[in-house]
Amino acid sequence: MAKPAYKPQFLLLIGIFLCFFTGKSSQFGLETDEFWLNEEDSEVNMVQSRRDSSRHCDFTSGKWVYDPSYPLYDSNCPYLSTAVSCQKNGRPDSDYQKWKWKPHACSIPRFDALKYLAKMRRKRIMLVGDSIMRNQWESLVCLVQGVVPMGRKKVTYNGLSMAFHALDFETSIEFSWAPLLVELKKGPENKRILHLDLIEDNARYWRGADVLVFDSAHWWTHSEQWSSWDYYMEGKSVYKVMNPMIAYEKGLTTWAKWIDLNIDPRRTRVIFRSMSPRHNRYNTICCAYINSVIAFGYVF
C-alpha cells in the first residue's frame, strides 16, 4: 500500500476549509458579512492531549492515516488538468488517494461540499499565484462541483483570472495568475523586466474578493543559471543583479502596501503562503512515480 507524498500544499486546502467552517448555522444559513470572519471555531473537535488544551490546534503537526472512504473526488473531475492528474500520467494504482492528514491534537471534520458552499454563499474565494495555486484551485473546485447541478455551474475567464461559479449559491472560486505577485513585463529587445514596485496590473483582479490566498513560491525557484526575468526595475533604476532576498523583500513590501491600502480586514480574509515542494521531478510528473515517504523526503 503506497503512502502519500508529503505535500504541505495539501495543508493549505485544510486551512482554507477550516477557516470557513466556524460557528453554528443551518445547512443553508446565512450570517452577516461583518461577522463571518470572527465567529468561534466550533467545527474542529479538539482532543485532550498532553499539550495545553487552550492552544489552537497545530494542523502542521500530524500524520497521514489510511481512510478507505477516500478520495473526496476522483481523477475524472472535469476541472483537473492533465498535468496534475496522476492516473492520466500513467499511475495504475489508486491506494495513494485514500490517505488523509490527521493532526495530533485535533480531528478535522470531513469536507462537506454543500455546507461549504452554504457558508460561502455570495462570496468570492480567490487563489493568487503560480501553478501550485492553479492546482489548489482545481482541487477545491473538484471538491465542490459534484453537488452543483450541471446547468447551475460554469467557468468564466477574465484576463489573467478564471472563476468557477456555483450559481445557486452566488459563490465563485477563482484563480489569478501572478507567480511573482509584482509585475513581470517585456521591455526593450524583448527583455523580461521584474518591476519590484508595480503590482496594479495583477492586483486589479483581486479587488472585491472575500478570501485572498497568496503564493510566492516562484521567488524561491530561481538561480543565477535560470530565472523568469532578465532585469529588476524599481522606479527608473534598472538592475541586472540584485541580492534575491532584497528583491524578494522589495516585492513583498509592494504587495503588503497594496493589501494595507485596498483590503478591509473586516470583510476580507488574507492568507499568505510562501513555499511548497515542486510538483515535477526530472521533467516528469512526480506523482506518477512516488511510492512512499521517509521523513520529509520523497522516495521514487
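None of the figures in this text is laboratory data; all of them are computed from the coordinates on show. Only a predicted model underlies this, so the values are computations on that prediction, with no experimental measurement involved. Here Cβ is always computed from backbone atoms with ideal geometry, including for glycine, and neighbour counts include all displayed protein chains.
Within segment 91-181, report the GluC sites (Glu not before Pro) that DSSP leaves as loop and that have at most 13 other Cβ atoms within 10 Å.
Those that pass, being in a loop and sparsely packed, are 170.
Can you list the lysines whose alpha carbon is less than 16 Å from that of residue 119, not counting same-chain residues fewer than 8 positions off?
Candidates past the 8-residue exclusion: 24.
Report the local net charge at residue 69: Lys and Arg +1, Asp and Glu -1, summed over other residues whose C-beta lies under 11 Å from its C-beta.
Numbers: positive: 98, 100, 110; negative: 67.
That works out to +2.
Over the Cα atoms of segment 85-129, each weighted equally, I'd like the Debye log10 I(q)/I(0) at q = 0.22, 0.23, 0.31 Å⁻¹, rounded to two decimals.
Log10 of I(q)/I(0), two decimals: -0.95, -0.94, -1.03.
Taking 0.36 nm per residue of sequence separation and subtracting the Cα-Cα distance, how much length would be gained by fully extending the chain between residue 246 and residue 260, in nm to one decimal?
3.0 nm
Just add up the charged neighbours of residue 272: K/R +1, D/E -1, any other residue whose Cβ is under 15 Å from the Cβ of residue 272.
Summing Lys and Arg as +1 and Asp and Glu as -1 gives -1.
Suppose a student asked you for the relative contact order of segment 77-163, using Cα pairs under 8 Å spaced at least 6 residues apart; what percent would you report?
Relative contact order here is 33 percent.
Rounded to whole Hz and in sequence order, give me ³J(HN,Hα) for segment 244-252 from the Karplus expression 6.51 cos²θ - 1.76 cosθ + 1.60, θ = phi - 60°, writing x for Gly and Pro.
x, 6, 5, 4, 4, 4, 5, x, 5
For the residues 173, 199, what sequence is obtained by ranking on other C-beta atoms within 10 Å, fewest first?
199, 173
Give, in nm to one decimal, the length gained when the segment between residue 192 and residue 239 is fully stretched (0.36 nm per residue of separation minus the Cα-Cα distance).
15.7 nm
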